[in-house]
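Taking it in order: structure first as structure tokens, then the write-up.
The values are calculated or read from the model by the stated rules, or taken from the named source; none is laboratory data. All of these numbers come straight from a predicted model, not from anything done at the bench. Reconstructed Cβ throughout: ideal geometry from the backbone, glycine too, with neighbour counts over all protein chains shown.
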């Protein structure tokens, strides 16, 4: 009989309890919910007007920059969810909540999954909202209703991958400042990708090379393909594949970091 | 000691402290250097293809087009970062001791403004060097480039006064977003990526009346050797400077009342 079973609490219940705590934590702080959702939409509105002229370039893949740029808020929303999730976990480490949890029979896996619940919730809410706002402002989803559903699944998967990264940083560093310190890196990854301009139209060779090796480019292009191209198996496989690898990679690193942290206490 | 001499003494002391702190603590200086550099690299490198859009008329090149934006942005955000420092001084109690010791409290704000302008010169120097290394063209004369520097310094002083007014009223670093967001929004509701005639939709309407648009067009005029909208930019900056002086004075009064 496991320790958890001995106390009458299944792993699923443990995950549910911790995930519920993470979600209510997000809901009780409007700033954590409103800013990460509103800021990408403001930037989308500004950039889609500012760069709409780019659609007149020969070879530009969309008739409207709003269609082209709709993928960006999904990525920014994922970044904010990762940042907030990481900071919440870092706070739990700093104020001793994690240490107290370590004294209970709760399993490490349940702890990780529960902590990621808040970020996943944020990812779902923001992805649905961005899609609805995009459609309301005239974005046509080239892959249809089924494509819109796949887009949501992909956006949530990407959000989860970034949340795993945020969790790893929080567990490894154990401080909110360290998680904040990674925020610029997230944005560098986004800006040095094909998020704002199609890769084949980027003039600077070095920038195109960086964007080609930057995994964020493929995540953006996966979402974008569903909006402006239709069904593009290669783009989707790359986006889902990279996100899945990132999830597995950072979950493994996170569970190791968690074990080390629990050993320390 | 005359009032002017007292003000100068306080201003130079506060400025020296601000400059010394910035140049001996990388955590203070690095963000104000890294962010403009990053924006320059990301915009000039990633978006340069947009210059081939029909009606995009800026022969000096897209790097110079973006350098003008980054210069103004770096100057403005340098002012905001100085506001963070003022708020931190209040949180740690240093600003209160400073206000007790200073015979002229207006000199404190002038000192912070001088420190912000010196930081802006350094940051612009770094970004300018990086831009030249990356192959940026300059068609403007030395006088044009000095005018661009003067424009950036005026923006830096105005942004510092704005941020100082907030920092002295709220006296907490949590006021950071309130200092930052209005400047961020003003900057991005201007023709950042393309000239104003190519900006579409509601942003075009807002940008037409946004004073930052005139500043960007003047900055781009200086770097391309064809100064434009200089008078309207000077008038806008003079007006904004006067308003922010009143705003910062109110901030000093508020901090005095708080004790």
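Just one of (1) at pLDDT 90 or above; (2) surrounded by fewer than 20 Cβ atoms within 10 Å (Cβ to Cβ); (3) touching a helix residue (DSSP H, G or I) at 6+ places or on another chain (Cβ under 7 Å); (4) more than 30 Å from residue B:198 (Cα to Cα) fails for residue B:37. It is (4). Counting only helices (runs of 4 or more DSSP H) that fall entirely inside region B:144-224 and contain at least 3 residues that are within 14 Å of chain A (Cβ to nearest Cβ) and under 30 Å from residue B:94 (Cβ atoms), the qualifying elements are B:176-188. Region B:1-111 holds helices (runs of 4 or more DSSP H) entirely within its bounds, and those carrying 1 or more residues that are closer than 30 Å to residue A:50 by Cα and within 14 Å of chain A (Cβ to nearest Cβ) map to B:26-40, B:62-91.
Scan region A:26-54 for residues that are more than 9 Å from chain B (Cβ to nearest Cβ) and surrounded by 17 or more Cβ atoms within 10 Å (Cβ to Cβ) and jot them down. Once the filter is applied, which keeps residues that are more than 9 Å from chain B (Cβ to nearest Cβ) and surrounded by 17 or more Cβ atoms within 10 Å (Cβ to Cβ), region A:26-54 yields A:26, A:32, A:33, A:36, A:37, A:40, A:41, A:44. Is there a residue being at pLDDT below 85, in contact with a helix residue (DSSP H, G or I) (Cβ under 6 Å, 6 or more places away or on another chain), buried (at least 21 other Cβ atoms within 10 Å of the Cβ) and in a helix (DSSP H, G or I) anywhere in region A:94-108? Yes, region A:94-108 contains a residue that is at pLDDT below 85, in contact with a helix residue (DSSP H, G or I) (Cβ under 6 Å, 6 or more places away or on another chain), buried (at least 21 other Cβ atoms within 10 Å of the Cβ) and in a helix (DSSP H, G or I). Can you confirm whether residue B:80 is under 26 Å from residue B:182 (Cβ atoms), within 15 Å of the chain's Cα centre (by Cα) and surrounded by 20 or more Cβ atoms within 10 Å (Cβ to Cβ)? Taking the combined requirement at face value, the residue satisfies it. May I ask you to list the residues in region A:229-253 that are buried (at least 17 other Cβ atoms within 10 Å of the Cβ) and in a helix (DSSP H, G or I)? A:235, A:236, A:238, A:239, A:240, A:242, A:243, A:246, A:247, A:250, A:251, A:253, listed by residue number.
Given B:119, B:97, which one is crowded, with 18+ Cβ neighbours inside 10 Å and either modelled with pLDDT of 90 or more or out of contact with any strand residue (DSSP E or B) (no Cβ under 8 Å at 6 or more places or on another chain) (or both)?
That would be B:119, the only listed residue that is crowded, with 18+ Cβ neighbours inside 10 Å and either modelled with pLDDT of 90 or more or out of contact with any strand residue (DSSP E or B) (no Cβ under 8 Å at 6 or more places or on another chain) (or both).
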